[in-house]
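> I'd like to ask some things about the structure below.
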């Protein structure tokens, strides 16, 4: 069991009906604890994610209510999928960073190197680097997707448009793969 503020994760390796029963009992212990301390769970927000190949995907219940089974869930800002691969998180990070970069491009009329670089480092790059050690992209298509944002940013700087991708070195930035 992992607790974080008002969030609890109950994990268990279940490969048989006995394992399912143990996990269901642990779930019941949590429910009993929440009733004792008058802190009821919102069962509509409680979900089950089955991980791994060959998972029997048992169903679990809270107070007779069957918990919804999901294949994707956002946890502490990171999009987790049942296959534990990073493409979905990469797509979301790319999308958010692209929107912020587009907003900077639309709203900034004075595009000096210093101003754009500060905006990029403080508003765009954090979306690309957030918890990257957890979801570390390893597919080349995901790495390329993330680098596209950085390439578009370097192309926004008027003095550097004529350069190719060595613009990163000129700006003192490194590729996202190196972070």
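The values are calculated or read from the model by the stated rules, or taken from the named source; none is laboratory data. Remember, predicted model here, so these are calculated numbers, not experimental data. Here the Cβ is made from the backbone with ideal geometry for all residues, glycine too, and neighbour counts use every protein chain on show.
> Condition test on residue 3, is it in a strand (DSSP E or B), free of Cβ contacts under 8 Å to residues at least 12 places away in the same chain and more than 16 Å from the chain's Cα centre (by Cα)?
Yes.
> Out of 79, 91, which single residue is at pLDDT below 90, touching a helix residue (DSSP H, G or I) at 6+ places or on another chain (Cβ under 8 Å) and not in a loop (DSSP other than H, G, I, E, B)? Steps first, answer last, please.
Values: 91 fails: at pLDDT below 90.
One residue alone meets the criteria, 79.
> Does residue 15 satisfy being farther than 30 Å from residue 154 by Cα, assigned to a helix (DSSP H, G or I) and at pLDDT below 95?
Spelling it out, it is not the case that residue 15 is farther than 30 Å from residue 154 by Cα, assigned to a helix (DSSP H, G or I) and at pLDDT below 95.
> Scanning segment 92-101 for residues that are out of contact with any strand residue (DSSP E or B) (no Cβ under 6 Å at 6 or more places or on another chain) and surrounded by 14 or more Cβ atoms within 10 Å (Cβ to Cβ), which turns out nearest to residue 155 (Cα to Cα)? Show your work before the answer.
We begin by selecting, within segment 92-101, every residue out of contact with any strand residue (DSSP E or B) (no Cβ under 6 Å at 6 or more places or on another chain); these are 93-101.
Add one more test, that the residue is surrounded by 14 or more Cβ atoms within 10 Å (Cβ to Cβ), and what stays is 93-94, 96-98, 100-101.
Details: 93: 20, 94: 17, 96: 18, 97: 15, 98: 13, 100: 15, 101: 11 Å.
Only one residue fits best here, namely 101.
> Return the total of residues in segment 18-56 being part of a helix (DSSP H, G or I) and farther than 19 Å from residue 80 by Cβ.
Residues that pass the stated criteria total 18.
> Looking at (1) closer than 19 Å to residue 150 by Cβ; (2) at pLDDT 90 or above; (3) outside any helix (DSSP H, G or I), find the lone condition where residue 104 falls short.
The one condition residue 104 does not meet is (3).
> Can you tell me how many residues in segment 132-155 are farther than 13 Å from residue 92 by Cα and outside any helix (DSSP H, G or I)?
Total meeting the criteria: 3.
> State yes or no: is residue 36 more than 23 Å from residue 148 (Cα to Cα), modelled with pLDDT of 90 or more and surrounded by fewer than 10 Cβ atoms within 10 Å (Cβ to Cβ)?
Against the criterion (more than 23 Å from residue 148 (Cα to Cα), modelled with pLDDT of 90 or more and surrounded by fewer than 10 Cβ atoms within 10 Å (Cβ to Cβ)), residue 36 qualifies.
> Turning to a different aspect of this structure: Only one of (1) modelled with pLDDT of 90 or more; (2) surrounded by 12 or more Cβ atoms within 10 Å (Cβ to Cβ) fails for residue 131. Which number is that?
Just one mismatch for residue 131, condition (1).
> Does residue 60 qualify as being in the same structural domain as residue 16 (by TED's automatic domain parsing), at pLDDT 90 or above and in contact with a helix residue (DSSP H, G or I) (Cβ under 8 Å, 6 or more places away or on another chain)? Reasoning before the result, please.
Values: in the same structural domain as residue 16 (by TED's automatic domain parsing): yes; at pLDDT 90 or above: yes; in contact with a helix residue (DSSP H, G or I) (Cβ under 8 Å, 6 or more places away or on another chain): yes.
Against the criterion (in the same structural domain as residue 16 (by TED's automatic domain parsing), at pLDDT 90 or above and in contact with a helix residue (DSSP H, G or I) (Cβ under 8 Å, 6 or more places away or on another chain)), residue 60 qualifies.
> Among the residues of segment 148-172, write down those that are crowded, with 18+ Cβ neighbours inside 10 Å and at pLDDT 80 or above.
The answer is 149, 150, 153, 154, 157.
> Take the conditions more than 19 Å from the chain's Cα centre (by Cα) and either surrounded by 10 or more Cβ atoms within 10 Å (Cβ to Cβ) or more than 23 Å from residue 72 (Cβ to Cβ) (or both) and apply them to residue 50. Does it pass?
Criteria not met by residue 50.
> Out of curiosity, is residue 82 free of Cβ contacts under 8 Å to residues at least 40 places away in the same chain and not assigned by TED's automatic domain parsing to the domain that holds residue 138?
yes
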